[in-house]
Amino acid sequence: MNIYKAYDKQRKNYKRFNFLMIFLFIFLPAALYITGKTDMFFLSYLVFIEVLILTALILSKDNDTLEFDLKGDKISLKSGFFKKSYYIYCDKVAAVHCEKSYEELQIIILTTQISRNKSLKPITENFMKKFPQVAEEYMRLKKINPEFEYFYYIIKKGGFLKYDLLDMLFKNCVKAVFTENSINNIKMIRY
């Protein structure tokens, strides 16, 4: 499967969805006005549907947003429409793992970076139960460098654009260990 074709198809579907929602957002009040049904029931129902349409547009934009850029030794990353951008230092990335594939891909980044970033969470027992392959890699890294404290971040949003981010991590994070799943996803991009 060509990831770039899939990404273009995903963007076209996103534009179609937005066009349809905006059309409904404009058409429904116009249809209510043309028919002359201005009862309180119809108006309240219209307001409810308009709020649902706006919510769907906002959630769709939030789910599709992934912005990243390489600035020297750090990657500026913004995952989601409402989240702030933050930096991941390439030298501090210890491991990269992928769960699932295609559009549902989740990129899990283990880092030794200590920052004020609330998105980086310390590794806990629940995390290790949920992701056993990452837990094995974490234990191996902890044996090699027991003095470091490790944090993780999971990138879930962005659709097929996450593959470009994974490729950028592979090219620039030279000290990082990539698990077998992440290598397979990188091969999917390149071949």
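The values are calculated or read from the model by the stated rules, or taken from the named source; none is laboratory data. Just so you know, these numbers come straight off a predicted model, no measurement behind them. Ideal geometry is used to build each Cβ from the backbone, glycine not excepted, and the neighbour counts take in all protein chains shown. When the accessible area is computed, the model is the full protein with side chains, heavy atoms only, and any ligands, DNA or RNA have been set aside. Shrake-Rupley method; radii C 1.70, N 1.55, O 1.52, S 1.80 Å.
The residues of region 97-191 expose on average 57 square angstrom of accessible surface per residue, using a 1.4 Å probe on protein heavy atoms. Segment residue 60..residue 6, full-extension length gain: 17.7 nm, with 0.36 nm per residue of separation and the alpha-carbon distance subtracted. Protein heavy-atom surface of the chain, 1.4 angstrom probe: 60% of the accessible area is carbon and sulfur, with nucleic acids and ligands not counted. Round to the nearest 10 and give me the degree value, 0 to 90, for the angle of helix 180-190's Cα axis relative to the longest principal axis of the chain. On a 0 to 90 degree scale, this one is about 60. Given a 1.4 Å probe and the protein chains as shown, residue 139 ends up with an accessible area of around 100 Å². When 167, 64 are compared by accessible area at a 1.4 angstrom probe, the order from most to least is 64, 167. Annotation: amide H of residue 113 within the under-5 Å range of 151, sequence separation 5 or more or interchain, hydrogens built in the peptide plane. Is there a pair in 83/171; 9/118; 84/143; 71/175; 9/37; 61/129 whose C-alpha atoms are over 28 Å apart, and which pairs would that be? The pairs that break the limit, which is 28 Å between Cα atoms, are 9/118; 84/143; 9/37; 61/129. Looking at region 1-72, the accessible area is 76 square angstrom per residue; that uses a 1.4 Å probe and ignores ligands, DNA and RNA. Summing +1 for each Lys or Arg and -1 for each Asp or Glu, what net charge is found among the other residues whose Cβ lies under 15 Å from the Cβ of residue 23? Local net charge: +1.
In this view, the solvent-accessible surface of residue 59, computed with a 1.4 Å probe and all protein chains in place, comes to about 110 Å². Among all the aspartates and glutamates, which ones have a C-alpha under 12 Å from residue 156's C-alpha, if same-chain residues fewer than 8 places away are not counted? Filter leaves 62, 64, 99, 103, 104. Of 153, 89, 45, the order by accessible heavy-atom surface (1.4 Å probe, DNA, RNA and ligands excluded), from most exposed downward, is 45, 89, 153.
Rounded to the nearest 5, what is the percent of antiparallel bridges among the DSSP beta bridges in the chain? Percentage antiparallel, nearest 5: 90. Contact order, relative form, for the chain: 24 percent (alpha carbon pairs under 8 Å, 6 or more residues apart, mean separation divided by residue count).
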